[in-house]
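Written below as structure tokens is the structure these notes are about.
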Amino acid sequence: MENICEGKKWLVIGAGKSGINAAKLLLNCGADVVMYDDNKEASFDEIKDNVKFFAGDIKDDILNEISEAVISPGIPPESRVVCRCMEKGIKIIGEIELAYMFEKGDVAAITGTNGKTTTTALTGEIMKYAGGKVIVAGNIGEPYTELVPDSDGSSHSVIEVSSFQLETIENFRPHVSAILNITPDHLNRHHTMENYICAKFNIAKNQNDSDYIVLNYDDEILRERADSFTPKTVFFSSSHVLDEGAYMRSGKDIYVKFDGVETKICSIDELSLLGVHNYENVMAAILITWLMGVSKEDIRKAVISFKSVEHRIEYVCEKSGVVYYNDSKGTNTDAAIKGICSMTKPTYLIGGGYDKNADFSDWVDCFPGRVKKLVLIGATKDKIAKTCDDKGFTDYIKADSLEEAVKYCSDNAGEGDAVLLSPACASWDMFKSYEERGKIFKELVLNLQ
């Protein structure tokens, strides 16, 4: 650790959870750390006694002393402070790259537009069944920089990585990587779909032919570009029986097949997770852990005991015969489509939020026969309403708050209906995060009379 930090002054850009933990990791190895956030109200109280910090602006004389900078995922690479660092020749890495400098064990890394958190959590649970030290971190909620000091020569780190985090990797190299799917998202950040794809593909940037990448055979982009990856490619599929990899037979049983030997892992009837997208997440986790050397028995035990992660088609409760589900992590249209398609009851759907320049057409197309009433909130409610009008879907209303939306659903939904929060949008217009949005939704539901 000392050699990483020796003779260097580090700048940590961004004072959120990721930035704070990056600073702590550097401080623990004796680095001289400066922190910056462009928000003048940013708080550095947690580590203020150990770092110099600047909010709103940072002077050239400070930047002139910096050797390397760590950028938090939420900071765009074209932001002013990052551009100033680049102009001065300061090396810039991300929080994932910084953590990997301290990694001592094996790494599995998971990305994709949707399903990352469920797949990462399940992969971690399977690894835990196999025994030994397991670290589950990254975009799933616990910063990699916070947990990586616990790694050792026998540990396994399972890391969820976003496209934002993958923009700034340099040497990060998982032994097994996975890309679950690619659909349009974060185009306000990446600007073009090709940029977004390239960011996701960075997960395999440093892998070689002794490593593996797990891909969704049913995703056209991944299937057609599979030959571009250096590591050995292994597919999973919910609709094709494959010569090698993981797949479903008859839409029911999940198998893996290697070296001509087919092994049944489980039936979907044994799973607590709902929907084809979740069966794909299960197959991805099975493949990742199989390639990491976990036994069939441990994989099966973990898979059939696993429950849905918080905020992802999460059962909240049943009141007066109405079932409530929290899918606050459905922050884009593809995820929200999967959420509504998982419902088996007529559904009151709460949607809308921060605008990421998304097209809501495909989402609205899946409403007929599923959505009994759409309740719109947030910055995108007018945009979504217009899409509904254009598509001829008229069963919607607008609400001024999540509380008003939940009350409307409670007052109007009847026995046998479902209420689903699945916004198809980020949360930042009304909430600090999708987690906060989901927790408030659950509190509102549980407090219904």
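For segment 293-333, the tally of residues that are in a strand (DSSP E or B) and small (Gly, Ala, Ser) stands at 0.
A quick yes/no check of all residues on (1) in contact with a strand residue (DSSP E or B) (Cβ under 7 Å, 6 or more places away or on another chain); (2) surrounded by fewer than 18 Cβ atoms within 10 Å (Cβ to Cβ); (3) not small (Gly, Ala, Ser):
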{"site": "LYS356", "(1), (2), (3)": "yes, no, yes"}
{"site": "VAL364", "(1), (2), (3)": "no, no, yes"}
{"site": "GLU404", "(1), (2), (3)": "no, yes, yes"}
{"site": "ALA413", "(1), (2), (3)": "yes, no, no"}
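Would you pick out the residues in segment 87-98 that are within 28 Å of the chain's Cα centre (by Cα) and either surrounded by fewer than 17 Cβ atoms within 10 Å (Cβ to Cβ) or farther than 24 Å from TYR144 by Cα (or both)? So that I can check it myself, show each step before the final result.
Of all residues in segment 87-98, those within 28 Å of the chain's Cα centre (by Cα) come to 91-98.
Within segment 87-98, just LYS91 meets the criteria.
Here the helices (runs of 4 or more DSSP H) wholly within segment 145-225 that include at least 2 residues being in contact (Cβ under 8 Å) with a residue 60 or more places away in the chain are 163-166, 187-190.
Residue count for segment 124-144 under the criterion of being of a type outside the set (D, E, K, R) and in a helix (DSSP H, G or I): the result is 5. Taken as a whole, the structure leaves ILE20 outside the set of residues that are farther than 22 Å from LEU166 by Cα and part of a helix (DSSP H, G or I).
At least 2 residues being touching a Phe, Trp or Tyr at 6+ places or on another chain (Cβ under 8 Å) and under 30 Å from LYS17 (Cβ atoms) is the threshold, and among the helices (runs of 4 or more DSSP H) wholly inside segment 336-449 those reaching it are 402-412, 434-446. Tell me whether segment 66-81 contains one or more residues that are surrounded by 24 or more Cβ atoms within 10 Å (Cβ to Cβ), assigned to a strand (DSSP E or B) and not hydrophobic (A, V, I, L, M, F, W, C). So far as segment 66-81 goes, no, none of its residues is surrounded by 24 or more Cβ atoms within 10 Å (Cβ to Cβ), assigned to a strand (DSSP E or B) and not hydrophobic (A, V, I, L, M, F, W, C). Within segment 239-295, the set of residues being over 14 Å from TYR217 (Cα atoms) and among the small types (Gly, Ala, Ser) comprises SER250, GLY251, GLY260, SER267, SER272, GLY275, ALA285, GLY293, SER295. The requirement of being in contact with a strand residue (DSSP E or B) (Cβ under 8 Å, 6 or more places away or on another chain), in the same structural domain as LYS345 (by TED's automatic domain parsing), hydrophobic (A, V, I, L, M, F, W, C) and surrounded by fewer than 19 Cβ atoms within 10 Å (Cβ to Cβ) is satisfied by PHE393.
Filtered by the rule that a residue be surrounded by fewer than 15 Cβ atoms within 10 Å (Cβ to Cβ) and either at pLDDT 95 or above or outside any strand (DSSP E or B) (or both), segment 245-254 gives SER250, GLY251, LYS252.
Checking the structure you have, find out if any residue of segment 255-270 is buried (at least 20 other Cβ atoms within 10 Å of the Cβ), more than 30 Å from LEU420 (Cβ to Cβ) and either modelled with pLDDT of 90 or more or among the acidic types (Asp, Glu) (or both). Yes, because at least one residue in segment 255-270 is buried (at least 20 other Cβ atoms within 10 Å of the Cβ), more than 30 Å from LEU420 (Cβ to Cβ) and either modelled with pLDDT of 90 or more or among the acidic types (Asp, Glu) (or both).
The values are calculated or read from the model by the stated rules, or taken from the named source; none is laboratory data. In this text, all values refer to a predicted model and were calculated from it rather than measured experimentally. Ideal geometry is used to build each Cβ from the backbone, glycine not excepted, and the neighbour counts take in all protein chains shown.
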